[in-house]
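Peer 1: Quick one: structure below, then a few questions.
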Amino acid sequence: MKKGSSQSSYNKKMAKGFFITGTDTGVGKTIISAALITAARMIGLKSCGMKPIETGCTRKKLKVKSLKLKIQDRDLTPHDGMFLKKIAGVNASLDLITPVRFENPLAPLTASEIEGRAVDIATINKAYQKLSRQYDAMIVEGIGGLLVPIRRNYFVLDLASDLGLPIVVVAKPGIGTINHTMLTVNYALKAGLTVAGIIINYVRPPEGTPAEATNPAIISRISPVPLLGVFPFLNDFKSTTIGKAADRNLDREVIKKYIAG
Ligand SMILES: Nc1ncnc2c1ncn2[C@@H]1O[C@H](COP(=O)(O)OP(=O)(O)OP(=O)(O)O)[C@@H](O)[C@H]1O
Ligand SMILES: [Mg+2]
């Protein structure tokens, strides 16, 4: 099929992919999303990242002429969205990669109430479907953890479910992570989501604690889903560095099982 024509992209089946969530904010969802984008590329797939809702965005400097009373999504710079676009090396519009943006570094529902714009789920679904027809693999970064509210009675969990993607749970390496990981994995399973696995991410340098040494084995033993790997602390976030770390530390077979073919 010829790539790029509107006919072929219309007919193309939807991409497979992952929805990346975490046990908390700041656990490394963006870095792991980047790692999975590179992993998908190594399998030979055209992959694209998406951060459908981003809060804590920076306000762009507005020209006096375009000064508006109300800030719109496009007036805000989404840093995670931009990073994922860069790692994927795609020319897809940032308006599709991060369609919903808020300035306040808060849960989407809270930020949306303060900023006076409700999150439009249909906009996210449309952007996802559009990208999904152009790429083989979609790596979608969630926001915060599974029970972060997006709208009244609509949580991150519901977004993962609406997009129909298996989730990957990013967890911290140290003490406390067993409980947080098990809570997230088991809640997701009870809600009917597919959980592809867990990635323990060294969001900070190793401390050599007993918890760090024993967590991978105990989590593998007691979790109903596999540990996909322990991702190391990186000194830089170049695409090649992230790619090498993904290749060496993530379970390529499980990743393939979900996104290839
Ligand atoms: N493997 C890693 N090696 C080095 N630094 C890391 C690693 N993973 C994450 N970090 C750093 O930890 C911080 C948090 O990571 P990241 O932004 O990916 O978390 P997040 O879960 O996406 O956060 P948010 O909830 O804000 O989206 C960042 O400063 C990031 O650069
Ligand atoms: Mg992030």
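The values are calculated or read from the model by the stated rules, or taken from the named source; none is laboratory data. Everything quoted here is computed from the prediction, not taken from an experiment. FYI the Cβ positions are ideal-geometry reconstructions off the backbone, even for glycines, and counts take in every protein chain you see.
Peer 1: Looking only at region 192-217, which residues are touching a residue at least 24 places away in the same chain (Cβ under 8 Å), at negative phi and loosely packed, with under 14 Cβ neighbours inside 10 Å? Show your work before the answer.
Peer 2: Initially, region 192-217 is screened for residues touching a residue at least 24 places away in the same chain (Cβ under 8 Å), giving 192-207, 209, 211-212, 215.
Checking the rest, the ones that are also at negative phi come to 193-196, 198-207, 209, 211-212, 215.
Result: R204, P205, P206, E207, T209.
Peer 1: What number of residues within region 132-154 satisfy the criterion of being away from ligand 1 (no atom under 14 Å from the Cβ) and surrounded by fewer than 21 Cβ atoms within 10 Å (Cβ to Cβ)?
Peer 2: 7
Peer 1: Identify, from the list V203, V195, V254, the residue that is within 13 Å of ligand 1 (Cβ to nearest atom) and either touching a helix residue (DSSP H, G or I) at 6+ places or on another chain (Cβ under 8 Å) or not hydroxyl-bearing (S, T, Y) (or both).
Peer 2: V203
Peer 1: Could you look through region 109-131, keep only residues that are polar (S, T, N, Q) and free of Cβ contacts under 8 Å to residues at least 60 places away in the same chain, and pick out the one that is surrounded by the most Cβ atoms within 10 Å (Cβ to Cβ)?
Peer 2: Filtering first and then ranking leaves S112.
Peer 1: In addition: Test G26 against the stated conditions and say whether it is in a loop (DSSP other than H, G, I, E, B) and either within 16 Å of the chain's Cα centre (by Cα) or within 13 Å of ligand 1 (Cβ to nearest atom) (or both).
Peer 2: yes
Peer 1: Can you tell me how many residues in region 220-254 are in contact (Cβ under 8 Å) with a residue 12 or more places away in the chain and farther than 11 Å from P173 by Cα? Quick ask: steps written out before the conclusion?
Peer 2: Residues of region 220-254 in contact (Cβ under 8 Å) with a residue 12 or more places away in the chain: 222-234, 237, 239, 242-243, 245-247, 249-252, 254.
From what's left, farther than 11 Å from P173 by Cα: 222-229, 234, 237, 239, 242-243, 245-247, 249-252, 254.
The qualifying residues number 21.
Peer 1: Sticking with this one: Search region 231-261 for residues being part of a loop (DSSP other than H, G, I, E, B) and either farther than 14 Å from A35 by Cα or among the polar types (S, T, N, Q) (or both), and hand back the single one that is modelled with the highest pLDDT.
Peer 2: N235
Peer 1: Here's something else I'd like to know. Any residue at all in region 202-210 that is within 26 Å of L163 (Cα to Cα) and either at pLDDT below 95 or in contact with a strand residue (DSSP E or B) (Cβ under 7 Å, 6 or more places away or on another chain) (or both)?
Peer 2: Within region 202-210 (the criterion being within 26 Å of L163 (Cα to Cα) and either at pLDDT below 95 or in contact with a strand residue (DSSP E or B) (Cβ under 7 Å, 6 or more places away or on another chain) (or both)), the answer is no, since none of the residues qualifies.
Peer 1: Right, another one. Among the listed residues K238, K257, K172, identify the single one that is among the basic types (K, R) and surrounded by 14 or more Cβ atoms within 10 Å (Cβ to Cβ). Walk me through it before giving the result.
Peer 2: Details: K238 fails: surrounded by 14 or more Cβ atoms within 10 Å (Cβ to Cβ); K257 fails: surrounded by 14 or more Cβ atoms within 10 Å (Cβ to Cβ).
Only one candidate qualifies: K172.
Peer 1: Would it be correct to say that G174 is assigned to a loop (DSSP other than H, G, I, E, B) and either at positive phi or in contact with a strand residue (DSSP E or B) (Cβ under 8 Å, 6 or more places away or on another chain) (or both)?
Peer 2: In short, no.
Rundown of residues vs (1) at pLDDT 95 or above; (2) within 14 Å of ligand 1 (Cβ to nearest atom), yes/no style:
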{"position": "N11", "(1), (2)": "no, no"}
{"position": "F19", "(1), (2)": "yes, yes"}
{"position": "S33", "(1), (2)": "yes, yes"}
{"position": "T38", "(1), (2)": "yes, yes"}
{"position": "I53", "(1), (2)": "yes, yes"}
{"position": "L69", "(1), (2)": "no, no"}
{"position": "T77", "(1), (2)": "yes, no"}
{"position": "T98", "(1), (2)": "yes, yes"}
{"position": "N104", "(1), (2)": "yes, yes"}
